[in-house]
Structure formats: C-alpha cells, structure tokens
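Participant: First the structure, which I've put down as structure tokens, then a few questions once you've had a look.
The values are calculated or read from the model by the stated rules, or taken from the named source; none is laboratory data. The structure presented is a predicted model; accordingly, all values stated were derived computationally and were not measured. Please note: Cβ atoms are built from the backbone with ideal geometry, for glycine as well, and neighbour counts cover all protein chains shown.
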Amino acid sequence: MKKIGVLTSGGDSPGMNPAIRAVVRKAIFHNVEVYGIYGGYLGLVNGNIKKLELGSVGDIIHRGGTMLQSARLPEFANREVQKKGIEQLRAHGIEGLVVIGGDGSYRGAKALTEQGYPCVGVPGTIDNDIPGTELTIGFDTALNTVIDAIDKIRDTATSHERTFVIEVMGRDAGDIALWAGLAGGAETILIPEENYDMKEVADRLRSGHERGKKHSIIVVAEGVCSGYEFARQLKESTEFDTRVSVLGHIQRGGSPTVADRVLASRLGARAVELLIEGRGGRAVGIENNKLVDYDIIEALDKKHTLDLDLFKLSKELSI
Ligand code: ADP
C-alpha cells in the first residue's frame, strides 16, 4: 500500500490524537502517504479528506479530543452509504483505512471490510468495552479524571460526614466504575455486570458508620442506573440521605496520560504495519502487554469481559 487514510469516529477519547500521530508518522516513516478523513464516517461520505504531513500532527500528542474531529452518522449502517464512502476513498487513491473509535465505529470498519475495502480498527474509547483488547485508548486518562474527582469529593464528604453517590460513564460496561472505585477507595461499587442488593449496600454503610467512618463513597456505573435514581432508592429503603455527583463529560476530556499516549502510539503504529503487510480487516489490541490483532469480524463477535476478580478484591478491601 502506498496511500492510507485515518479517521476517528463515535465518542472521542483522550489519546485519539497520539494515535493519529502514530499512524501518520509510522506511515510516512515507511514512505506511505496518509490522508486524514475529517468528521468520521460523515466526512468520509462527504469527501472531507486532506493529505497529512509530518507537521500536520505536530504538537498534538498531549491534547485531548481529536484533531480529525468526530461525528455520528447512523445512516452508515446502510450499504449504499458505505459504498459512497468507499468511492470517496478510491477516488483519492487511498488503499486502506485506519478507524480509531469504539464499538459502533468498529461495525462501520467491519462493514467496509466485508465490502472488500481493507480497514484496521484501533480501540479508542474511555469505556474499555472493546472485545479483543484488555485496554482501550482513553480509559486510563478517564480513570485519572474520575479518581481526581473522587479524592476531592472525599474531602468534602469527610468534613460534613456525608455519603456521596458518584455516577461515572462506561455505557454498558462497569470498567470505569470498578477501576476508579477500587483506586478511589469507594465503599460500594455498582456495575452492570453484577446485580446489587440494597440491603447489602445499606449494611456496608451502617457498619462503616458504626466504626467511625466519616464519609462513604458509592460509585455507580451509568449502565446500572443514574446516580439520582440510585440515591432515591437508597433513601426510600434506608435512613441514608446522600449527595449526588454526576461526573459527565469531563471524563472524556483532558490531556492523555503516559499510559494512554504509549498505548495509542503502539496501537496506531501496529495498525499501519498491518495495512502495509496487506493484512486489512483486522482489529488491534493489547493483551498481557503484547500487541495482538484479530479478524475484525471475530473481534466483534467476542465479548468484552470485566475482571470479576478485581470486583471481588474491591469488596474485600472496602469492608
Ligand atoms: P462508538 O464508535 O464510540 O461506539 P457510535 O456507536 O456512535 O460510537 O458509532 C460511531 C459511528 O459508527 C456511527 O455514527 C455510525 O456512523 C457508525 N456505525 C455504528 N454502527 C454501525 C453499523 N452497525 N454499521 C455501520 N456503521 C455503523
């Protein structure tokens, strides 16, 4: 391949920029031209495509968001719309595409691959919910944002002897809640992968209070219910009155952490290698700190699994 494209799609995540940088620099290092597709699949269909040079990705390694912009185009599930995208790529002489995004973006990349156009998926989402990789780009940065918030909320919770419910993102996955809850010392973590028992939550809060704990932190994954809904249920069935904090989109922004920059650099570069080797239709990931790649169709058929041992540990440590 002598010309490849790169786009970011779906929800943005901190680390997409270092991933784009890696794609561009790795390709140019191997004398391959790179084209940026601006605005995800929408920009692809509309032909919003520009050649990227070494300098185009200068000074972005530390920036959150994505210099290529992102967009949502539900119509991309339609074969005719996908064909238009492929026509645009072919009109520019682009022979393969790196798609950086989440689950939905992978479905778009899979659809293009099934139509005979080679794509490689790079997992970019804060949710850590992509099958075929243990970590996604943006997860670590989001976690650091969440624990920074938990630490601050803990200060005020301690001063006022309060119970706080903190709602975090993650869509249908509990990874952000679990990792941040464990790292932030939350008393209770609620994840969509495990049912919760309100009596157990209340017993934990009570036993903490009885041994003099001045605060309690409950982390709720958005995939369970809203923080306000959980607080309402808690108040209804117990004596606990809580304050609620919904962290929201701050979790999607900020300068990517070292871990995310390194991960993005490795995965972005590997995606280019695969295209150069003529191995499109793959999804790249990391397992046991080694780069891996799967057939993108197989990758989507796999299920993302949350580390339940970590969940068990979080319960043992927050007695
Ligand atoms: P994310 O990639 O973060 O999961 P979305 O689910 O919004 O975000 O998906 C991003 C984009 O990927 C969508 O706006 C759409 O253009 C494309 N996409 C999603 N699902 C499909 C699908 N089944 N087939 C083709 N394209 C899809």
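Participant: All but one of (1) touching a residue at least 40 places away in the same chain (Cβ under 8 Å); (2) within 30 Å of I100 (Cβ to Cβ) hold for L205, so report the exception by its number.
Facilitator: (2)
Participant: Here's a follow-up. Out of region 1-30, which residues are closer than 17 Å to T66 by Cβ, in contact with a strand residue (DSSP E or B) (Cβ under 7 Å, 6 or more places away or on another chain) and touching a residue at least 40 places away in the same chain (Cβ under 8 Å)?
Facilitator: G5, V6, L7, T8, S9, G10, S13, G15, M16, A19, I20, V23, listed by residue number.
Participant: Then there is this: Looking at A27, A109, which is the one that is within 16 Å of the ligand (Cβ to nearest atom), under 16 Å from V272 (Cβ atoms) and crowded, with 21+ Cβ neighbours inside 10 Å?
Facilitator: Sole residue among the options that is within 16 Å of the ligand (Cβ to nearest atom), under 16 Å from V272 (Cβ atoms) and crowded, with 21+ Cβ neighbours inside 10 Å: A109.
Participant: May I ask you to list the residues in region 1-18 that are part of a strand (DSSP E or B) and either within 16 Å of the ligand (Cβ to nearest atom) or among the β-branched types (V, I, T) (or both)?
Facilitator: I4, G5, V6, L7, T8
Participant: Just give me the residues in region 246-264 being within 19 Å of D175 (Cα to Cα), surrounded by fewer than 19 Cβ atoms within 10 Å (Cβ to Cβ) and either polar (S, T, N, Q) or in contact with a strand residue (DSSP E or B) (Cβ under 9 Å, 6 or more places away or on another chain) (or both), in sequence order.
Facilitator: V246, G248
Participant: Looking only at region 55-78, which residues are within 14 Å of the ligand (Cβ to nearest atom) and among the hydrophobic types (A, V, I, L, M, F, W, C)?
Facilitator: Listed by number, the residues that qualify are L68, A71, L73, F76, A77.
Participant: For the structure I just gave you, tell me whether A271 is without any contact (Cβ under 8 Å) to a residue 60 or more places away in the chain and crowded, with 20+ Cβ neighbours inside 10 Å.
Facilitator: When the stated conditions are applied, A271 does not pass them.
Participant: Sticking with this one: Among residues belonging to region 170-183 that are part of a loop (DSSP other than H, G, I, E, B) and crowded, with 23+ Cβ neighbours inside 10 Å, point out the one that is farthest from the ligand (Cβ to nearest atom).
Facilitator: G174
Participant: Among the residues of region 129-150, what is the count of those that are under 25 Å from V24 (Cβ atoms) and under 13 Å from the mean Cα position of the chain (by Cα)?
Facilitator: So the count comes out to 10.
Participant: All but one of (1) out of contact with any Leu (no Cβ under 6 Å at 6 or more places or on another chain); (2) within 25 Å of P14 (Cα to Cα); (3) modelled with pLDDT of 95 or more; (4) charged (D, E, K, R) hold for E277, so report the exception by its number.
Facilitator: (2)
Participant: Looking at S255, is it touching a Pro at 6+ places or on another chain (Cβ under 8 Å), over 26 Å from Y294 (Cα atoms) and not in a helix (DSSP H, G or I)?
Facilitator: Judged against the criteria, S255 is a match.
Participant: I'm trying to understand the selection: among the residues of region 2-19, which are at pLDDT 95 or above and in contact with a Ser or Thr (Cβ under 7 Å, 6 or more places away or on another chain)?
Facilitator: Answer for region 2-19, where residues must be at pLDDT 95 or above and in contact with a Ser or Thr (Cβ under 7 Å, 6 or more places away or on another chain): T8, S9, D12, S13, P14, G15, M16, N17, P18.
Participant: Filter region 280-306 down to residues that are modelled with pLDDT of 95 or more and basic (K, R) and give me whichever is nearest to W179 (Cα to Cα).
Facilitator: So, considering only residues that are modelled with pLDDT of 95 or more and basic (K, R), the one nearest to W179 (Cα to Cα) is K290.
Participant: With respect to the numbered conditions (1) buried (at least 17 other Cβ atoms within 10 Å of the Cβ); (2) more than 16 Å from the ligand (Cβ to nearest atom); (3) farther than 21 Å from G124 by Cα, which one is the sole condition not fulfilled by R90?
Facilitator: Against the list (1) buried (at least 17 other Cβ atoms within 10 Å of the Cβ); (2) more than 16 Å from the ligand (Cβ to nearest atom); (3) farther than 21 Å from G124 by Cα, R90 comes up short only on (1).
Participant: Just need a number here: residues in region 99-119 that are of a type in the set (V, I, T), within 15 Å of G285 (Cα to Cα) and over 17 Å from the mean Cα position of the chain (by Cα).
Facilitator: 0
Participant: Under 7 Å between Cβ atoms, at least 6 apart or on separate chains: pull out the pairs that start in region 107-122 with a residue that is over 21 Å from G15 (Cα atoms) and end on any residue that is assigned to a loop (DSSP other than H, G, I, E, B).
Facilitator: If the second residue must be assigned to a loop (DSSP other than H, G, I, E, B), the pairs left are T113/G280; T113/G281; P118/G280; P118/G281.
Participant: Checking the condition among the charged types (D, E, K, R) and in contact (Cβ under 8 Å) with a residue 60 or more places away in the chain, which residue from E95, E87, E33 passes?
Facilitator: Unique residue meeting the criteria: E95.
Participant: Another one. So N144 fits all but one of (1) within 16 Å of the ligand (Cβ to nearest atom); (2) more than 27 Å from D241 (Cα to Cα); what number is the exception?
Facilitator: N144 satisfies all of (1) within 16 Å of the ligand (Cβ to nearest atom); (2) more than 27 Å from D241 (Cα to Cα) except (1).
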